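Here is the structure we will look at, set down as C-alpha cells.
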Amino acid sequence: MQKLKVKIPASLADNYTVTVGSDFLSQIIQQVKKLLPGKELFVITDSNVAKTKHLKGLIGKEKISVYVINPAGEKSKNINTIIKIIDTMEKNALGRDTAVIAVGGGTVGDMAGFVGAIFKRGIDVIQIPTTTVAQADSSIGGKTGVDSKISKNAFGAFKNPKAVFVDVCTLKTLDEKQFNAGLVESIKHALIADAAYYKFICGNLNDILARKTKALEYIAVKNCRIKADVVEADPYEKNKRRILNYGHTIGHAIESASNYKILHGQAVAIGIIAANIIEQKLGLGGEKRIEELKELFRNLDIDLNVPKSITKKKILDIISRDKKAVQKWPRFVLIEKTGKVLCRDGEYAHKVERKVVEEVIDILLSQKY
Ligand code: GLY
C-alpha cells in the first residue's frame, strides 16, 4: 500500500476587500476590471433591482450581459433558476474567464454565488449587495446556494467573492418592509458581538429608518467588520461561525414553514425572541433585554406573531432536519449578555433539551409573549 499526499497550497487568494461608501456605483465596473483584468463580466440581478436606477448607474455605457431573475425573492431560489442562468451563460458562450457580478439582495447573491461556484467548476464572483440583509450579512463570507422543496439552502457551496462593494445609497429605493426586516441581521450582530453597537442601533433608530447616509454607512461598516471577524476565525463553520446563526434555528423553521410568505428578517426576529426565552429558561437572564427587543422590533413594524397556519409539529420537524443537528436535534446559539455570545468548553452552539424548546414553541404559538 502506498500513500501519496496531496498538498493544497494554503494561499491568500481567498482574501478580499469590502468597500463601503455611498453613491459610487458608477465607479465599480472600472474597479472590477482592474481587479480581474481580461474577465468577461456577467451581471445577475432580479426584477426588483431591474426596476430601479441602480443597474444603469452601475453599467452605464458598458456592454455587459444581464440576467434578470423573475420573480424576485425566495420563490425563485431553487435549482431550476440555476439551470436557466447556466443555460443562458452557455448560449452566450461564456467560459472560465467570466466573472459573475451579483447585484441585489440575499437571494440574488446566494444564487449568483452558487452559479460562480459550479459553472465550469468555478468562476470569479463579485458581490454588490443592495438590501439591508445582503449588506449586513449574506454578501460576505461566501455562503451560496438554493433551497430544495424541503429545506433552505439544501444545495450549496462556499464560494468567496473576489470583492464586495456596499453602496448604502442603493438602500434608499428599498421598500420599507424589506428595509426594516433586513435590519434584524444588524441587531443580531450587535447582540452576539458588540454591546455598544446595540446601543447605537437603539439610540439612532430614527436616523437609520430615515435612511440617513451617515447612519447607514456606520451600520454597514460595523456589520461588515463583525461578520468578517467571525468568518476569518472560522470560514467553513466548524464552530465559531455558528454564532451568526443566532435566532436562525427556530427562525429558519418558521420561514420555511410559512412557505417563505414571511420575510427572512421577520422570521429571525421571532427566532431571536425564542432564543431569549430559552436563555431565560436556562437562567442566563436577559429579562430586560427581551422587553427592549420587543420594543425595537415593534419600532421596525415587525410582526412577531407566528402565522396561524404553522403548527408545533411542523416547526419540530424542520428543526430536526437542521444542517448542524446531532441525532436529529439542533444545537442552539445563546448569548450570556448583550454583545457576548455564550461559549462553553470552546463550543459556541449548545444542547438545549427538547422539553425546553417545545415549551418555547408553545409560547410562540400562543402569541402571548
Ligand atoms: N448568515 C450566516 C453565515 O454567513 O454564516
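The values are calculated or read from the model by the stated rules, or taken from the named source; none is laboratory data. In this text, all values refer to a predicted model and were calculated from it rather than measured experimentally. No Cβ is skipped: glycine too gets one built from the backbone with ideal geometry, and neighbour counts run over all protein chains shown. The area values use the complete protein model at the heavy-atom level, side chains included, leaving out ligands, DNA and RNA. Shrake-Rupley method; radii C 1.70, N 1.55, O 1.52, S 1.80 Å.
Based on what the data block shows, is T52 out of contact with any Asp or Glu (no Cβ under 8 Å at 6 or more places or on another chain), touching a residue at least 60 places away in the same chain (Cβ under 8 Å) and assigned to a loop (DSSP other than H, G, I, E, B)? Yes; evaluated as a whole, the condition is true for this residue. Just one of the listed residues (A154, A196, A210, A215) is out of contact with any Cys (no Cβ under 6 Å at 6 or more places or on another chain) and in contact (Cβ under 8 Å) with a residue 12 or more places away in the chain, namely A196. Here is the figure for the stretch 32-49: residues that are without any contact (Cβ under 8 Å) to a residue 40 or more places away in the chain and either of a type in the set (F, W, Y) or open to solvent by 30 Å² or more (accessible area, probe 1.4 Å) (or both) total 3.
Given the condition basic (K, R), at pLDDT 95 or above, farther than 26 Å from I315 by Cβ and open to solvent by 10 Å² or more (accessible area, probe 1.4 Å), answer yes or no: does some residue in the stretch 71-91 qualify? Yes, because at least one residue in the stretch 71-91 is basic (K, R), at pLDDT 95 or above, farther than 26 Å from I315 by Cβ and open to solvent by 10 Å² or more (accessible area, probe 1.4 Å). Tallying residues that are of a type in the set (S, T, N, Q), buried (at least 24 other Cβ atoms within 10 Å of the Cβ) and either over 13 Å from V268 (Cα atoms) or within 9 Å of the ligand (Cβ to nearest atom) (or both) within the stretch 237-249 yields 1.
Only helices (runs of 4 or more DSSP H) whose full extent lies in the stretch 237-322 are considered here, and the ones with at least 3 residues that are over 19 Å from A190 (Cα atoms) and free of Cβ contacts under 8 Å to residues at least 12 places away in the same chain are 312-320. Please give the number of the condition D303 fails out of (1) modelled with pLDDT of 95 or more; (2) open to solvent by less than 30 Å² (accessible area, probe 1.4 Å); (3) closer than 23 Å to K77 by Cβ. Evaluating D303 over (1) modelled with pLDDT of 95 or more; (2) open to solvent by less than 30 Å² (accessible area, probe 1.4 Å); (3) closer than 23 Å to K77 by Cβ leaves (2) as the failure. Checking each residue in the stretch 29-49 for being of a type in the set (G, A, S) and not in a helix (DSSP H, G or I) picks out only G38. Among the residues of the stretch 94-127, those identified as away from the ligand (no atom under 16 Å from the Cβ), in contact with a Gly (Cβ under 8 Å, 6 or more places away or on another chain) and of a type in the set (V, I, T) are V100, I123.
Inspect all residues belonging to the stretch 255-263 and state whether any of them is open to solvent by 60 Å² or more (accessible area, probe 1.4 Å) and not hydroxyl-bearing (S, T, Y). For the stretch 255-263, residues open to solvent by 60 Å² or more (accessible area, probe 1.4 Å) and not hydroxyl-bearing (S, T, Y): present. Elements of the type strands (runs of 3 or more DSSP E) sitting completely within the stretch 128-236 and holding at least 2 residues that are away from the ligand (no atom under 14 Å from the Cβ) and open to solvent by 10 Å² or more (accessible area, probe 1.4 Å): there are none. When the residues of the stretch 14-23 are filtered to those that are in a loop (DSSP other than H, G, I, E, B) and surrounded by 17 or more Cβ atoms within 10 Å (Cβ to Cβ), the one that is nearest to the chain's Cα centre (by Cα) is Y16. Candidates in the stretch 323-354 are the residues that are of a type in the set (K, R) and outside any strand (DSSP E or B); of these, the one that is nearest to L364 (Cα to Cα) is R354. Residues satisfying the criterion are absent from the stretch 246-254 (criterion: more than 18 Å from the chain's Cα centre (by Cα) and among the polar types (S, T, N, Q)).
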